[in-house]
1. Evaluate E = 1/(1 + (r/R0)^6) for PHE499 and THR227, where r is the Cβ-Cβ distance and R0 equals 41 Å; express this FRET efficiency to the nearest 0.05.
2. Which ³J(HN,Hα) values, rounded to whole Hz and listed in residue order, are derived for segment 188-199 from phi using the Karplus coefficients 6.51, -1.76 and 1.60 in 6.51 cos²θ - 1.76 cosθ + 1.60 with θ = phi - 60°, glycine and proline given as x?
3. Sorted by packing (mean other beta-carbon atoms within 10 Å per residue), highest first, where do 182-192, 386-396, 483-493 land?
4. Taking H placed 1.01 Å from N in the peptide plane, check which residues at least 5 places from LEU297 or on another chain put their amide H under 5 Å from its amide H.
5. Pop the C-beta distance of SER510 and SER367 into the FRET formula with R0 = 45 Å and round what comes out to the nearest 0.05.
6. What full-extension length gain, to one decimal in nm, is calculated for LYS22 and ASP287 as 0.36 nm per residue of separation minus the Cα-Cα distance?
7. Testing the spin-label approximation: label points 7 Å from Cα along Cα→Cβ at LEU55 and ALA124. State their distance in nm.
8. With just the Cα atoms defining each centre, how far is segment 338-395 from segment 159-213? Give it in Å.
Amino acid sequence: MADSTKKSRKSITLDMKAKMIKLYDEGVTQAEIGRRLGYTQTTVNTVIKNREKLLAEIKSATPVNTTTIRKRDSIVADMERLLILWIENQTTRHVPVNQAIIQTEALSLFNDLKAKKGETAKDAEFSASRGWFDRFKKRSNLHNIKIQGEAAAADHKAAESYPSELAKIIQDGGYSMDQIFNVDETGLFWKKMPARTFIAIQERSMPGYKPAKDRITLLLGGNASGTLKLKPLLIYRWENPRALKNYVKTRLPVHWRANKNAWVTAALFEDWFDTCFVKEVKAYCKDNNIPFHILLLVDNAPGHPRTLDELNPNIRVQFLPSNTTSLLQPMDQCVIAAFKLNYLKRTFSKCIAAIDKEEGEGKEVLSKFWKSYNILDCIKTVRDAWNDIKETTMKRAWKKLCPQLVDDSEGCEDHVATVTENIVDMARQLELEVEPEDVAELLASHTESLSNEDLLELEEEREEDVQDGVEIIDHQPEGLTTKILFEAFRHLDRAMALFEKHDRDFERSSKVNASISGAYACYKEIYREKKRATLQTSIETYFSKSPSARRSSSTDSLFPALTSPPCPAPIATCSTPNSPARKRLIFEDLTCETEDTCIPDSPFPALTSPSSPAPTLISSCSTPISPARKRLAFEDLTSETKDTCMPSPFLPQLIISAALALQQQ
């Protein structure tokens with residue numbers, strides 16, 4: 001008798017799908033993946049087939065284990081989407097939420113959406129009941145986000161007891177200060193000015209999405225000794241902003257990632273751990289002769305998956321107690337605050353530099369500069385602000401969590417006060433109304449919760465797919481060509497010549513010019529390599545052809561075809577012919593190096609043409625020729641001309657000799 005029991009449908013979270021894809025990429029068979037995770041092979045096969053689509057969803061999923069929210073054409077569906085964004089924002093800020101708080105926010109969002117839709121939604125009704133909350137929680141898979149009975153404050157009791165527990169872990173594991181790390185996320189409104197400045201006032205009066213609300217998320221961290229500050233992870237809403245189209249993202253001073261909310265998800269954090277943290281710390285340990293035996297401390301944010309501890313046998317991941325972030329976590333003990341102050345200070349420095357360079361009224365120039373300030377400028381400022389964090393600041397941040405590792409030196413408060421004072425002074429230079437309390441208010445605004453207005457604007461912008469400042473890159477941008485390098489060298493040479501000509505202090509201009517020349521020496525080497533590669537490729541291409549192919553392609557190649565001595569083939573045409581006499585002089589320049597005759601007597605016939613005088617031998621020379629002059633002479637010699645300038649049997653031998661001479665240089 002057939003089994004009449006109906007099998008229950010098993011929901012698969014995005015987190016589980018990510019695990020399936022990862023195991024498959026590691027070479028595990030689909031059948032084995034099914035056995036390990038408790039799913040049929042057919043289910044695993046379906047997930048693998050849709051991997052590209054799933055990876056895109058996983059990358060931007062909010063919250064971490066969201067499966068699918070059924071799309072409904074109603075205010076309630078729109079409200080639930082915004083509510084999920086709000087809950088995720090609260091959890092990234094370590095703000096605990098409970099059922100009553102979520103129900104209140106849901107009702108508030110519903111009323112705002114209803115008012116916005118006007119007459120078309122006048123009959124819509126919604127009560128944030130217990131039943132709705134249970135269904136919403138199930139639909140959105142919120143069981144992995146802590147929904148607390150009461151909105152808990154900082155847990156001082158746990159914060160007092162945990163340092164002793166951690167001290168035992170450190171002692172048992174034999175970890176040194178160099179081997180203990182902490183990282184934490186923080187939001188940054190990268191284009192936001194203090195509220196009382198004329199720029200902020202003008203922006204608030206304008207309709208539409210405000211640039212000051214454009215947000216990035218940064219993951220900052222380092223070790224307890226302060227000797228390694230990790231390269232920041234930066235998460236933005238767009239993968240390919242126009243400002244970055246000429247840059248290789250892996251060579252930026254930040255680890256560049258993107259998702260639609262610019263937030264840290266579990267998938268992004270795991271990707272950072274695997275591809276960034278492990279490699280960077282392993283290289284640091286190798287360079288400093290430190291055992292690759294690491295303790296990583298993180299908080300209990302939903303974006304930090306509990307499976308991290310299983311990813312690398314040499315790295316132990318330890319989670320801090322709940323609600324102790326503000327009390328214990330090192331990055332929250334002035335490091336992040338100092339970084340944001342440094343960011344504002346560096347931003348004001350760029351504003352001052354822009355005004356110094358431009359002519360015109362100060363406010364007008366500043367407005368123009370601020371309008372052009374883009375995400376690339378933000379990345380540079382993030383780099384500079386992070387570099388400004390001192391080793392002592394990083395070390396002092398561990399005083400509360402690991403008091404046994406840190407001395408009783410001064411805390412970070414003095415640094416914060418000093419930088420704040422500097423910012424106020426710089427603001428006065430810019431004629432901006434900024435006081436210390438304005439700086440403190442701006443600093444606090446980076447961690448504020450998203451308002452209903454912010455959520456609505458964010459959703460509108462996403463729905464309309466507004467891509468201001470964004471460009472899809474469908475071709476590889478031009479890199480460092482020889483032409484671009486040559487042009488850059490020319491400008492630098494002119495600048496150095498101006499210093500030398502107009503600076504009466506010869507010693508100073510000489511030092512500056514030497515420093516500049518040394519600074520771009522790497523580009524000179526790139527230029528030489530590119531020229532050498534071009535020359536070698538041209539010669540190899542020519543001589544790899546058969547005689548018939550060389551004859552047929554004489555007008556297409558760099559070099560003319562080889563013909564028999566009685567019938568010299570013309571070199572392809574160009575606008576300026578080179579006379580035989582000039583070519584003879586060039587060849588002498590190219591091949592002579594010492595007082596001795598440097599050309600063998602036998603293999604080279606005389607340079608002749610139908611109208612040239614009798615053949616002449618190339619004599620010895622007494623003046624050494626520089627590699628640069630040889631290169632220019634060779635280019636001149638091989639340039640294509642209108643007239644028949646030399647017998648073709650001579651040309652290949654000349655090219656070989658010249659190429660060998662250049663390679664020896």
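1. The pair PHE499/THR227 has a calculated efficiency of 0.60.
2. Coupling constants for segment 188-199: 9, 7, 6, 10, 10, 9, x, 4, 8, 6, 5, 5 Hz.
3. Final packing ranking: 182-192, 386-396, 483-493.
4. So LEU297 has HN proximity to PHE181, ASN182, VAL183, GLN318.
5. After rounding, the FRET efficiency stands at 0.65.
6. Length gained, LYS22 through ASP287: 92.4 nm.
7. For LEU55 paired with ALA124, the spin-label model returns 3.7 nm.
8. 18 Å
The values are calculated or read from the model by the stated rules, or taken from the named source; none is laboratory data. This is a predicted model, so every value here is computed, not measured. Note that we place each Cβ from the backbone using ideal geometry, even for glycine, and neighbour counts take in every protein chain shown. All accessible areas refer to the heavy atoms of the entire protein, side chains included, with ligands and DNA or RNA removed. Shrake-Rupley method; radii C 1.70, N 1.55, O 1.52, S 1.80 Å.
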